[in-house]
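Worksheet: one structure, shown below.
The values are calculated or read from the model by the stated rules, or taken from the named source; none is laboratory data. Model, not experiment: these values are computed from the prediction. Backbone-built Cβ (ideal geometry, glycine too); neighbour counts: all protein chains shown.
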Amino acid sequence: MSVAAASAGLALARRRHRRRRVLIEAGSAVLAVVLLIWSLIPVYNMFLIALDPEEGEVEFTGNIWPPEPSLEAFGVVLTQADRYLESFWQQFGNSLFIGLMTMVLTVAIGSLASFTAGRARLGNGSLITNTALATYVLPAAFLTIPFYLVMHSYGLSNNPWAVIAAHVTFATPFAILLLRYYASLIPLEVDDAARVDGASSIQVFLRIYLPLITPALAVVAIYALVLAWNDYFYQFVLLTTPSQMTVAMMQGHMFEDPDAAWNAMMAAAIIYALPPIATFFLLRRHIAAGLTLSDARA
Amino acid sequence: MPYAAVFLAFAVYPIGYALWMGGKPSLYVELIDDPLYLRTAVNTLLFAGLGVNLQMFLALLLSGFFMRRRWWIRALLVIYILPWALPAVQAFTSVHWILIGEMGLVNRLLEELFGIEGPMWFSHWGLAFGANVASYIWKWMPFWTLIFIAGRMMIPKELLEAAAIDGATDSRRFVHITVPLLASLYLVCTLLATAWAIGEFNTVFFVSNGSPVMSTEVLATLGFRYTFDSAKPALGVAAMMSALPVLIPIVILLLRRIQTREVQL
């Protein structure tokens, strides 16, 4: 009697458990669909406009996919056949230069500064992190105008290096914070062991520190590139002549012109979006390694 | 010490210059007299408060969802990160067009699917402001979700397994293990994100562009208009400097939090 009751209870519990699992799976699926739509709607709209052969159309005509999709707009961008896109590839090169330099310098300065602050056992190690983070008292956008005037006095107006300097200034504090936090997971004894074996500080930095923090460096690199790629305000204020113009500035001008060729603009936007996405995919392995470090540790 | 030199030249000097430029009290009198300024200051606080808290809370919950080991959830993560990697100007322009007029994507879909006539998004303060906040969350939530995923991965698995064996349900494990262990990270990220959101420019400039009639401006875009449309750079800088009373406590709190955390480690 009691055995039967117990087994009935067990079956009930099992059924309840199974029903719960089905509910969780269904909930996850619904959430996944919502997130998918939420993340992709603006991207979808970009493609809709870019594939439309009519250049002035931004309206949604009720078709889920353009009836006559055409790559014409992409052709216009590739051959620079629009008045806004006359020097698209030069602008693209300018953007790329600024983005890559910001990335390289942020990684270099961030790793050196975080090493000095966290590993060199200086009494004032945290001072570096603190003063760097204090920069965020004034957000990047708030410093644009003073930055412009200061760059002018340095003789750096209309110079891409001024923009790079601005981006590096605002990317490094976060880079140092992230790298220090990550490096604090590596025991200091590793450094000591190398020093006992006769390694200099520079060797410790190059041979031990850098390889161990590679995953965090990958995150910092992408962060710096995206920061430079997202910028409009600094480039708009600091660069003036057409030969220094970047893609973000050109797109800003197009945005304000009601007669611009929207489809070409969105096609250019899609091409411009590729470098950070490609970098993300290239470095994805390292990021995954960075995120699973704790698994290896445990 | 290369960083020290760069830091002095490109951070300390411009900040000092900014303080000097925005230092005249008369500028603040002019600001207070401008009704647009007060409205903008309130907008900025609302934007940062609402945007950051919503985004952080959702990111914390979603990081748990993305910890599930299913192939389709991992694939979804790659798409979910996409908005963060997309260039801001273009993405926000696209959002602007999705919402604009009667023929934007959202309004057309509302009409086709449900027969509802969609509102004019940029003619109502609330809708335009909401569009800005939503776009900001769209762009930045993936970044913070990644940070929280990394944080969750640092939680020793034994801890969660032990709790599971003792019969703790998912929600109880979240409340009693995940939340206390991530609280410090959550606070640091929220402070950092708030400081950044107060200075946000791209979202408002490209999504609502201030409409209706400059009522959704934030301090960064208002400073831009003072400087370039009314040719008053000093007033523009002063408008931005007026956020200092809010920003300084945030950064001090942030620095304190980071120090206590280093002691814990």
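Before moving on, here are some points about what is shown:
- The sole residue among A:LEU156, A:LEU138, A:LEU179, A:LEU143 that is assigned by TED's automatic domain parsing to the domain that holds A:GLY110, surrounded by fewer than 21 Cβ atoms within 10 Å (Cβ to Cβ) and out of contact with any Lys or Arg (no Cβ under 7 Å at 6 or more places or on another chain) is A:LEU156.
- Residues that are of a type outside the set (A, V, I, L, M) and more than 8 Å from chain A (Cβ to nearest Cβ) within region B:144-168 comprise B:TRP144, B:THR145, B:PHE148, B:GLY151, B:ARG152, B:GLU161, B:ASP166, B:GLY167, listed in sequence order.
- Count of region B:158-175 residues which are out of contact with any helix residue (DSSP H, G or I) (no Cβ under 9 Å at 6 or more places or on another chain) and of a type in the set (A, V, I, L, M): 3
- One residue from B:VAL237, B:VAL246, B:VAL218 being farther than 30 Å from B:ILE100 by Cα, in contact with a helix residue (DSSP H, G or I) (Cβ under 7 Å, 6 or more places away or on another chain) and either hydroxyl-bearing (Ser, Thr, Tyr) or within 10 Å of chain A (Cβ to nearest Cβ) (or both): B:VAL237
- Single match in A:ILE128, A:ILE202 (criterion: part of a helix (DSSP H, G or I), more than 30 Å from B:PHE224 (Cα to Cα) and within 11 Å of chain B (Cβ to nearest Cβ)): A:ILE128
- Of the set (1) more than 13 Å from every other protein chain (Cβ to nearest Cβ); (2) at pLDDT 75 or above; (3) under 26 Å from B:PRO83 (Cβ atoms), all apply to A:ASP82 but (3).
- Taken as a whole, the structure leaves A:ALA221 outside the set of residues that are hydrophobic (A, V, I, L, M, F, W, C), assigned by TED's automatic domain parsing to the domain that holds A:ALA273 and more than 18 Å from the chain's Cα centre (by Cα).
- Count of region A:227-250 residues which are closer than 24 Å to A:ALA175 by Cβ and under 19 Å from the mean Cα position of the chain (by Cα): 11
- Residues that are farther than 21 Å from B:LEU146 by Cβ and charged (D, E, K, R) were ranked within region B:69-117; the one that is surrounded by the most Cβ atoms within 10 Å (Cβ to Cβ) is B:ARG108.
- Tally of residues being closer than 19 Å to B:THR44 by Cβ and touching a residue at least 40 places away in the same chain (Cβ under 8 Å) across region B:222-257: 15
- Subset of region A:237-249 that is of a type in the set (A, V, I, L, M) and closer than 15 Å to A:SER87 by Cα - its residue that is nearest to the other protein chains (Cβ to nearest Cβ): A:ALA248
- Among helices (runs of 4 or more DSSP H) entirely within region B:1-94, having at least 2 residues that are more than 9 Å from every other protein chain (Cβ to nearest Cβ) and of a type in the set (D, E, K, R) singles out B:25-33.
- For first residues located in region A:9-26 and over 16 Å from B:THR169 (Cα atoms), partners that are surrounded by 10 or more Cβ atoms within 10 Å (Cβ to Cβ) and of a type in the set (A, V, I, L, M) and lie 6+ apart or on another chain with Cβ distances below 7 Å do not occur.
- For region B:182-195, a tally of residues being touching a residue at least 24 places away in the same chain (Cβ under 8 Å) and out of contact with any Leu (no Cβ under 8 Å at 6 or more places or on another chain) returns 7.
- For B:LEU127: the one exception among (1) without any contact (Cβ under 8 Å) to a residue 40 or more places away in the chain; (2) closer than 20 Å to B:GLY49 by Cβ; (3) at the interface with another protein chain (Cβ under 10 Å from one of its Cβ atoms); (4) of a type in the set (A, V, I, L, M, F, W, C): (3)
- Any hit, region B:118-133, residues being surrounded by fewer than 20 Cβ atoms within 10 Å (Cβ to Cβ) and farther than 23 Å from B:MET214 by Cβ: yes
- Subset tally (residues that are farther than 13 Å from B:VAL133 by Cα, in a helix (DSSP H, G or I) and of a type in the set (A, V, I, L, M)) for region B:197-232: 3
- Only residues that are within 14 Å of the chain's Cα centre (by Cα) and within 9 Å of chain B (Cβ to nearest Cβ) were counted in region A:173-183, giving 1.
- For region A:250-258, the count of residues that are in a helix (DSSP H, G or I), modelled with pLDDT under 85 and more than 10 Å from chain B (Cβ to nearest Cβ) is nonzero.
- Residue match in region A:147-164 (condition: assigned to a helix (DSSP H, G or I), within 16 Å of the chain's Cα centre (by Cα), at the interface with chain B (Cβ under 8 Å from one of its Cβ atoms) and modelled with pLDDT of 80 or more): no
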